[in-house]
Amino acid sequence: MVQEIGLDQLIREHPFFEGLDNATLELIAGCAANERFDAGQYVFREGQPADKFYMVRHGSVALEVRAPGRDSIVLQTCDDGDVMGWSWLVPPFRWKWDARATRLSRLVSFDAICLRGKLDADPALGYAMYKRFVRVIAERLAHARLQMLDLYGAGKD
Amino acid sequence: MNEMTALKDPMVPAPFRIERVRKELSDTFTIDLVSAERRRPLSFLPGQFNMLYVFGVGEIPISISGDPADPETVVHTTRAVGSVTNAMWKLGVGQTIGVRGPFGTSWPVEKAEGCDVVIVTGGIGLAPLRPAIYQIMANRAAYGNVCILYGARTPEDILFRKELEKWRGQFDLQVDVTVDYATGRWAGRVGVVTKLISRGGFDPHQTVALVCGPEIMMRFAVEALAERGVPNERIYVSLERNMKCGIGFCGHCQLGGDFVCKDGPVFGFDKIAHKFAIQEL
């Protein structure tokens, strides 16, 4: 028998939401939904309204840039457990990149429109959520900088 | 230097015949050598290096990348990035190279028995770790979980790809590969190798970590291992400096009070952590 972990439990156990009180977790769970994307299917496209953010349950999603006349360029992949998407926090609330499932992926989506209003109305909740996203953003920035260094480039003998 | 296998005079290169040269990547090749004197085995420990001398061109240190269980064939993998390595790549089967070694310290493969092992490596850093992987695989039951976390520049730069695929296909190894740059044709991970550490299947409190790659990568890898809870005493790194004599005489590879050729290249991170923070070193 397959046992599905409920969204409520999944959110409670995820490190990203650690430390939030029960009321907040219930509020967030109320904005959450399961979504499934097949390999090659886009989760979102550049320029579209950023009205959600995601947590990858299983699978892999490539954040990529389209390039005319050539293959798209993958900036990074988001894998099991990763939180994905912060354009919903920053005006004009539009996605900067494409997000494409590279294999069958199951995500939890969070309705950002619902959350944005609540964060604006409750600064303490807003601060708690921003703190969590800043950590994700800082980590991604550090990783992006390391990627830019071209660490594995050739030296000299 | 191994007492039992040391060449007679550590400063005199012994002639070794090239048995095979194979292209690994666009700029990387593997060269198999056998003793030209009398197929004398050159036993080594994983992580050690030899000084290879292309006669008339120069001598450079290169880690041994072959199987310690086959000491008759001395295997080195390197990039053709300078005059010596470019000249080496141009040599053909049957030609002779001078070999001094093996030199330096080794990966603590036997000390890690009974523990999980996580191998964090990037680029050509996989080459000095391959002998350790061979030795661990030959004695697999002695270890807990074994994870190989490998980062490359692009999918085309993945070293020993077939072996990584083979190891990944085994049921007793976790092999995760990531690349820094890729197009949409690549279906694997894109991102820095340090990110793989947070999801590696090892118990940080019972793990020995072997780390080899560019020094910047190692700094961040050590940080990520510490975040997982792996103490410095069980993290080992392999350093690269300007090794010349191989026996701690000339001082070219001096790192503070250590000589990388003699006291390294493999160091317990707890012994050199403070040196990582000194920019001038």
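How would chain B be classified by its alpha-carbon gyration tensor: rounded, prolate or oblate, with rounded meaning a/c under 1.5 and the a/b versus b/c comparison settling the rest?
The shape class here is prolate.
DSSP loop GluC sites (Glu not before Pro) in the range B:190-281 with at most 14 other Cβ atoms within 10 Å of their Cβ, which ones?
Qualifying residues, ordered by number: B:280.
Tell me which residues come under 5 Å, amide H to amide H, from residue B:81 once H is placed; ignore anything under 5 positions away on its chain.
A:157, B:86
So, with +1 on the Cβ of K and R and -1 on the Cβ of D and E, and no other charges, what is the size of the charge dipole of the range A:1-130 about its Cα centre, to the nearest 20 debye?
Result for the range A:1-130 is approximately 520 debye, rounded to the nearest 20.
Which entries in A:131/B:275; A:52/A:131; B:111/B:271; B:23/B:162; A:96/B:195; B:90/B:262 show an alpha-carbon gap greater than 24 Å?
Result: A:131/B:275; B:90/B:262 exceed 24 Å.
Please give the average number of partner chain Cβ atoms lying within 10 Å of the Cβ of each residue in A:70-77, rounded to a whole number.
Mean inter-chain Cβ contacts per residue within 10 Å come to 6.
Kindly compute the accessible surface that chains B and A hide from a 1.4 Å probe when together, both sides summed, and give it to the nearest 100 Å².
Approximately 2500 Å², summed over both chains.
What share of the DSSP beta bridges in the protein assembly as shown is antiparallel, in percent to the nearest 5?
Numbers: 63 of 86 bridges.
If I count the DSSP bridges inside the protein assembly as shown, around 75 percent turn out antiparallel.
Provide a whole-number value for the mean count of partner chain Cβ atoms within 10 Å of the Cβ atoms in peptide B:79-87.
Averaged over the peptide's residues, the number is 3.
Order of B:259-272, A:15-28, B:77-90 by packing, highest average Cβ count within 10 Å first?
Values: B:259-272: 20.9, A:15-28: 13.7, B:77-90: 19.2.
Result, highest mean first: B:259-272, B:77-90, A:15-28.
For the range B:69-86, in order, what is each residue's ³J(HN,Hα) by Karplus, 6.51 cos²θ - 1.76 cosθ + 1.60 with θ = phi - 60°, in whole Hz (x at glycine and Pro)?
6, 10, x, 6, 10, 9, 10, 10, 10, 8, 9, 8, 10, x, 5, 5, 5, 5
For a quick protection proxy, order the peptides A:126-139, A:103-116, B:140-153 by their average other-Cβ count within 10 Å, most packed first.
Taking the mean over residues of other Cβ atoms within 10 Å, the ranking is B:140-153, A:103-116, A:126-139.
The values are calculated or read from the model by the stated rules, or taken from the named source; none is laboratory data. Just so we're clear, the structure is a prediction, and the values are computed from it rather than from any experiment. Every residue, glycine as well, gets a Cβ built from its backbone with ideal geometry; the counts of neighbours run over all protein chains shown. For the accessible areas, the whole protein counts, side chains as well, though only heavy atoms, and no ligand, DNA or RNA atoms are used. Shrake-Rupley method; radii C 1.70, N 1.55, O 1.52, S 1.80 Å.
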